[in-house]
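Asker: Here it is, the structure, as structure tokens.
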Amino acid sequence: MKEEGEREVVTPGEVLGKASDVRAGRGAYLAPHNNLVYASLTGFRRALSPSPDSPDQRPTVEITDHKAHGAVPEPGSIVIARVTKVMAKMASADIMCVGPKSVREKFSGIIRQQDVRATEIDKVDMHLSFRPGDIVKAIVLSLGDARAYYLSTAKNELGVVSAESTAGATMVPISWTEMQCPLTAQIEHRKVAKIGG
Amino acid sequence: MGLPDASGDLSSEMEVDAFRRLFPLRFYERHLAESIRPDGRPLGRARDTTIALGAVTSADGSALAKIGSTTMLAAVKMEVMTPSMESPDEGCIAIDFHMPPICSPIVRPGRPAEAAPVVSKQLSDTISSSGMINLKELSLVSGKAAWMAYLDIYCLDADGALFDAALLSAVAALFHLQIPAVSLNDDGKIVVSEEDGGKLEKEPVNKEKRKLTLRSIPFSLTCILHKNYILADPTSEEEAIMETLVTVVLDSSSQLISLYKPGGAVLAYTSAVQDCIALTRQRVRELQKILDEANSGMEVD
Amino acid sequence: MMYSDIGRLNCNVSYTTFATPVRAQGSDRKEFSSMLHKALEGAIILETFPKTTVDVFALVLESGGSDLPVVISCASLALADAGILMYDLVTSVSLSCLGKNLVIDPILEEESYQDGSLMITCMPSRYEVTQLTITGEWSTPKINEGMQLCLDACSKLANIMRSCLKEATTSSQE
């Protein structure tokens, strides 16, 4: 799709065009009662030309949000979270980043015992997998319940990416279940993410 | 943006914003090593400060103070009351500090901010121990009537250094305060005088609007101690990461009114305390100038 | 708290202790909060943010009359500024009936002498009225006249709000 730049600012409720002329993209909506396309956001109006071989030749009009919105987790997105609580059957974590972008407000996530790893899922000891303060990489399973997103670390490249030892130093991963403190040489157990593919 | 450090591969995958949220201490220490802070300020400098007097027209005295993004609105309302038996010649001031949900995402209607009652008490203590206000000036009729001044401070935007901004707005509001003209009517009650001089049967107790004489106005500066660094006027992000705070309150002649250090991981050696006091002294001069400018700006109207 | 697949709106209106001429305990105004909620909920496209709540907090710093209409219009501007998807801006104007006269946007003193009041909240570009509150005795032609005045004022207010939003957008881009 080719872009045509138009730097006109619109506000919610302004008419962008007739339904017969334009299609409603992001930040716009079609009012069924009078077949007009209105804006639903404040921002710059952009018209995107349709690809030449698509059956619908109307340009799509969308509004670019002037405020860069923080990312929102969706099922399937890789997130980075900080563990807040570890309990017998699950761990709570605050989602801080979705992909490479940080989020505006913190989202709550839960990693249940059966989602920690792919094998021997009923023998998982939560306290040997995570500790509060650990930074983990996880995938969003679903929108979960009212309180938190359901996360999973059941893949090789998911799990703890950064953790502090009890001595306060950043630990070095040794295997997929162990990390070592560089100061005291003490080994601690975590579900470690495999970095470097 | 590859940051070569222990967090290794992780940092090259994410944006600066994300790194700042996940490893805030590392992010800050990188900047502190260059003697600068992420917002570009040198360590000892406070944020841009402004004062606007008379922000609330329905109050007897008011001021809006902004330090960086931290915004405080203070207003004084006067009411007549009966003075207590122990001090029949004195009025009273009641100071209250509020943090409404609008000021910060962590405050919600059912979950009030922990900082609010702490700052409220700090403000009351500071203003009374500074001797700024002579309570006898608030007396009307000895033993029968005196002024109760309600000073309410609302935080409209909480971005660190709450006490400094609150104290500044409180002081500015008291500076702006004009005590209403009142007279005693036949029933022995105090009523507000008419603007046009009033009837003569009422005995004017307070002939015309007057301002309070303020002695030794207190000004403050909050600093954060982290390892060997002293950061003046912290933002809320800085306060959350580096938790040791020191607040110094001095009056306009650089006399020490109070020093407040509520625990914290970093110990304050004499040299650190002296550095904080020196920074505060400089800050007092800045604030005095800003307050005077705001005041003279008002008189032009 | 139940899981909801459309967004939720939560409104709260409170006054400062010095907002009113006589100092009052600064408490939440439940009535205003629920009226604000009713005024805004028709305008926000709640389906676009499931499992999320939008909190709107209004703090009245100084009360000078026509408080609720100002709160509603202001809240609508704040939502537009926040980037929440809306069908339209929401504007609100109130009117006082003083004897034979209809006075638009009354101040506190005018409100205290009023025989009746009329408040309209509408979505201006769609000409849809989302809320209508009438108190006192009104004849039908008077209501029509009052509504016409208010709708007219609402659309003028909307123009001012739009130009304010546009200015903020262009200046933040530079």
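Asker: Once the dipole of the range A:78-189 is set up with Lys and Arg at +1 and Asp and Glu at -1 on Cβ about the Cα centre, which of A:172, A:97, A:83 lies farthest towards its positive end?
Answerer: Positive-most Cα among the choices belongs to A:97.
Asker: Then there's this: Looking only at other chains, what is the average number of their beta-carbon atoms within 10 angstrom of each beta-carbon in B:49-58?
Answerer: 2
Asker: List for the range B:117-158: residues with 10 Å² or greater reduction in accessible area, all protein chains versus chain alone, probe 1.4 Å?
Answerer: B:150, B:152, B:154, B:156
Asker: Let me ask another. In whole angstrom, how far apart do the alpha carbon centroids of the range A:51-115 and the range B:222-255 sit?
Answerer: 36 Å
Asker: A further question follows. Where only protein heavy atoms count, and the probe is 1.4 Å, what is the accessible area per residue for the protein assembly as shown in Å²? Working shown, then result.
Answerer: Numbers: 32900 Å² over 672 residues.
Counting only protein heavy atoms, the per-residue value for the protein assembly as shown is 49 Å².
Asker: Continuing with the same structure: Give me the percent of accessible area attributable to carbon and sulfur for the range A:78-189, probe 1.4 angstrom.
Answerer: Carbon-and-sulfur percentage of accessible area, whole number: 53.
Asker: Test of understanding: in a Gaussian network model of chain B with alpha carbons linked when under 10 Å, which of B:20, B:37, B:283 would top the mean-square fluctuation ranking?
Answerer: Largest GNM mean-square fluctuation: B:20.
Asker: Moving to a separate point now. Need the list of lysines near residue C:51 for cross-linking: C-alpha distance under 25 angstrom, and skip anything on the same chain fewer than eight residues off.
Answerer: Partners within reach: A:67, A:85, A:89, A:101, A:106, A:137, C:30, C:38.
Asker: Could you work out the local net charge near residue C:122, counting Lys and Arg as +1, Asp and Glu as -1, over the other residues with Cβ closer than 10 Å to its Cβ?
Answerer: Summing Lys and Arg as +1 and Asp and Glu as -1 gives -1.
Asker: A further question on this structure: In square angstrom and rounded to 100, what buried accessible area do you get between chains A and C, total over both, with the probe at 1.4 Å? Before the final figure, lay out each step's value.
Answerer: On the way: alone 11490 and 10300 Å², together 19750 Å².
Summed over both sides, the interface buries about 2000 Å².
Asker: Here is a follow-up. Considering only protein heavy atoms and a 1.4 Å probe, what is the carbon-and-sulfur percentage of the accessible area of chain B? Mind showing how you got there, number by number?
Answerer: Details: 7430 of 14510 Å².
Carbon and sulfur: 51 percent of the exposed surface of chain B.
Asker: Something else now. For chain B, modelled as a Gaussian network with Cα springs under 10 Å, which listed residue fluctuates most, B:106, B:36, B:230?
Answerer: With Cα springs under 10 Å in chain B, the top fluctuation among B:106, B:36, B:230 is at B:106.
Asker: Now, a different point. So, by mean Cβ neighbours within 10 angstrom, what's the order for A:178-187, C:34-43 with the highest one leading?
Answerer: The densest-packed peptide leads the list: C:34-43, A:178-187.
Asker: Rounded to the nearest 0.05, what FRET efficiency do residue B:189 and residue C:5 give with R0 = 60 Å and r taken as the Cβ-Cβ distance? Could you check?
Answerer: Once rounded, the FRET efficiency stands at 0.45.
Asker: Quick check on packing: order B:284-295, A:45-56 by the mean number of other C-beta atoms within 10 Å, highest mean leading.
Answerer: Ranking the peptides B:284-295, A:45-56 by packing returns B:284-295, A:45-56.
Asker: Something else about it: Hand me the chymotrypsin sites (Phe, Trp or Tyr not before Pro) from the range C:1-103 located in a DSSP loop with no more than 14 other Cβ atoms within 10 Å, in residue order please.
Answerer: Sites meeting the loop and neighbour criteria: C:3.
Asker: Once both axes come from the Cα atoms, what is the angle between helix C:67-82 and the longest principal axis of chain C, in degrees from 0 to 90, rounded to 10?
Answerer: That helix lies at roughly 20 degrees to the long axis.
Asker: While we're here: If you count, for every residue in A:8-18, the Cβ atoms of partner chains within 10 Å of its Cβ, what is the mean?
Answerer: If you average over the peptide's residues, the count of other-chain Cβ atoms is 6.
Asker: With no solvent and one point on each alpha carbon, what is the Debye value of log10 I(q)/I(0) for the protein assembly as shown at q = 0.05, 0.09 Å⁻¹?
Answerer: Debye output, listed in q order: -0.32, -1.00.
Asker: Counting only protein heavy atoms, probe 1.4 Å: which residues of the range A:22-65 lose 50 Å² or more of accessible surface in the full assembly compared with their chain by itself?
Answerer: By number: A:29, A:40, A:42, A:44.
Asker: Can you tell me the alpha carbon radius of gyration of chain A divided by the globular rule-of-thumb value 2.2 N^0.38 Å?
Answerer: Working it through for chain A, the quotient is 1.42.
Asker: Given only helices, namely DSSP H runs of n ≥ 4 each adding -39500 (n - 2.57), what is the per-residue ellipticity at 222 nm of chain B, to the nearest 500 deg cm²/dmol?
Answerer: Dividing the helical sum by the residues of chain B leaves -9500 deg cm²/dmol.
Asker: Stick to the Cα atoms of the range B:1-159, pair each with every other, and give me the Kirkwood hydrodynamic radius in Å at one decimal.
Answerer: Here the Kirkwood hydrodynamic radius works out to 19.5 Å.
Asker: Could you work out how far apart the two model spin labels at residue C:55 and residue C:163 are, taking each label as a point 7 Å from the Cα in the direction of the beta carbon, and quote it in nm?
Answerer: 3.6 nm
Asker: While we're on this one: Report, in degrees rounded to the nearest 10, the 0 to 90 angle that the Cα long axis of helix B:270-300 makes with the longest principal axis of chain B.
Answerer: 50 degrees
Asker: Can you tell me what share of the DSSP beta bridges in the range C:1-128 is antiparallel? A percent to the nearest 5 is fine.
Answerer: 65 percent
Asker: Say we join alpha carbon atoms closer than 10 Å with springs in a Gaussian network model of chain B; which of B:172, B:94, B:63 then has the biggest fluctuation?
Answerer: Result for chain B, Cα springs under 10 Å: B:94 fluctuates most.
Asker: Moving on. How charged is the neighbourhood of residue C:146? Take every other residue with its Cβ under 14 Å from the Cβ of residue C:146, and add Lys/Arg as +1 and Asp/Glu as -1.
Answerer: It works out to a net charge of -3.
Asker: Give me the accessible area of residue C:8, 1.4 Å probe, in Å² rounded to the nearest 10.
Answerer: Solvent-accessible area, nearest 10 Å²: 100 Å².
Asker: Sticking with this structure for a sec: Give, in whole angstrom and from largest to smallest, the semi-axes √(5λ) of the equivalent ellipsoid of the range C:8-173, with λ running over the eigenvalues of the Cα gyration tensor.
Answerer: 27, 20, 15
Asker: Oh, and also: Calculate the spin-label point distance for residue A:157 paired with residue C:152, positioning each point 7 Å from the Cα along the beta-carbon direction, and give it in nanometres.
Answerer: Once both label points are built, they end up 6.6 nm from each other.
Asker: Mean residue ellipticity at 222 nm from the helices of chain C, using -39,500 (n - 2.57) per DSSP H segment of n ≥ 4 over the full residue count, to the nearest 500 deg cm²/dmol?
Answerer: Taking each H run of at least 4 residues, the total per residue is -13000 deg cm²/dmol.
Asker: Hey, got the average number of other protein chain Cβ atoms within 10 angstrom for residues in C:12-18?
Answerer: Other-chain Cβ atoms within 10 Å of each residue's Cβ, averaged: 6.
Asker: To the nearest hundred square angstrom, how large is the accessible surface buried between C and B, total for both chains, probe 1.4 angstrom? Walk me through the numbers on the way to the answer.
Answerer: Working: alone 10300 and 15860 Å², together 24700 Å².
Buried area (both sides, nearest 100 Å²): 1500 Å².
Asker: What's the FRET efficiency of residue A:74 with residue B:134 using the Cβ-Cβ distance as r and R₀ = 51 Å, to the nearest 0.05?
Answerer: 0.20
Asker: Could you sort C:52, B:70 by accessible area so the largest value comes first, with the probe set to 1.4 Å?
Answerer: C:52, B:70
The values are calculated or read from the model by the stated rules, or taken from the named source; none is laboratory data. Worth saying up front: this structure is predicted, and the values here are computed from it rather than measured. Glycine gets a Cβ as well: all are built from the backbone with ideal geometry, and neighbour counts include every protein chain shown. Calculation scope for accessible area: heavy atoms of the full protein, side chains included, ligands and nucleic acids excluded. Shrake-Rupley method; radii C 1.70, N 1.55, O 1.52, S 1.80 Å.
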